[in-house]
Ligand SMILES: Nc1ncnc2c1ncn2[C@@H]1O[C@H](COP(=O)(O)OP(=O)(O)OP(=O)(O)O)[C@@H](O)[C@H]1O
Ligand SMILES: [Mg+2]
């Protein structure tokens, strides 16, 4: 069976609280995230992006609607099945303070029962891919915010997931490191054909890395529009000079501007 898409239908979520009115985070979100593609999600702060991610990862149940992982079977029919292998780079890095960088990155493999030799070798490789070689024995408290974020990224990559969820993976990085890692990630993604869902506040990043950009409205969030990023791959630093890049930026910013203003009044 070939994995084809994550399909979400009329997803809504309300957070209930004992002493406050409920918060509606998502309302009627319907969207397909196609396999082997990068879908970037942009939207104003608080519109429900991380909530959507928790639901997609099966860590929280939506108040309404459904999430399905769709496969194409041998006879060409589409049907829902179990989720494929998934990994997440969370917005707050969630590193374990008592573990070294190496053991933080190897943690997921350890839970899967991968032998010490193999998990350390794979973790070291992932650490190298985020340019942190030499920091394997450091503890999280000895790292800068940007370095912690890169450990978080390595922890996702090491799992060789079919679907990689990234929640603001570059938010804490300085502009140059961010650019560099965006390029690295773009190469990884282009080579591996992974399905990636990338949440970001940066319109440039959404376009640079994405095959599609889903633009969300202010809370309660729904997907206002999904745009195709018809820019050639492989992409690199020159991509930003492409005329089409500028057009997409203007279009997405136009959609977001009103939503950001609404979110400030919310
Ligand atoms: N556990 C919770 N209990 C109550 N309300 C919550 C909870 N988690 C999130 N919310 C509310 O749901 C809304 C959406 O939150 P969410 O974290 O999904 O936003 P976001 O789009 O990821 O924002 P940001 O871009 O700032 O990360 C917000 O109004 C938030 O206050
Ligand atoms: Mg968030």
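Read the figures in this text as sums done on the coordinates, not as results from a lab. Keep in mind that what you see is a predicted model, and the values were worked out from it rather than measured. In this analysis, Cβ positions are derived from the backbone assuming ideal geometry, glycine residues included, and neighbour counts consider all displayed protein chains.
Worth pointing out:
- Residue of 179, 59, 132 that the Gaussian network model of the chain assigns the largest fluctuation, springs spanning Cα pairs under 10 Å: 59
- The stretch 52-120 shape via C-alpha gyration tensor axes, a/c threshold 1.5: oblate
- Cα gyration tensor shape of the chain, rounded if a/c is under 1.5, else prolate or oblate by comparing a/b with b/c: rounded
- Of all DSSP bridge pairs formed entirely within the chain, close to 60 percent run antiparallel.
- 247, 183 arranged by Cβ crowding within 10 Å, fewest neighbours leading: 247, 183
- Contact order normalised by residue count of the stretch 1-74, Cα under 8 Å, 6+ apart, percent: 49 percent
- Three-way shape label, the stretch 141-191, alpha-carbon gyration tensor, a/c 1.5: oblate
- For the stretch 73-157, averaging the sequence separation of C-alpha pairs within contact (under 8 Å, six or more residues apart) and dividing by the residue count gives a relative contact order of 40 percent.
- Label-to-label distance, residue 15 versus residue 184, with points set 7 angstrom from Cα along the beta-carbon direction: 3.2 nm.
- For the stretch 200-254 and the stretch 37-116, distance of Cα centres in Å: 22 Å
- Gaussian network model of the chain, springs between alpha carbon atoms under 10 Å - residue of 234, 83, 220 with greatest fluctuation: 234
- The chain: relative contact order as a whole-number percent, Cα under 8 Å and 6+ apart: 26 percent
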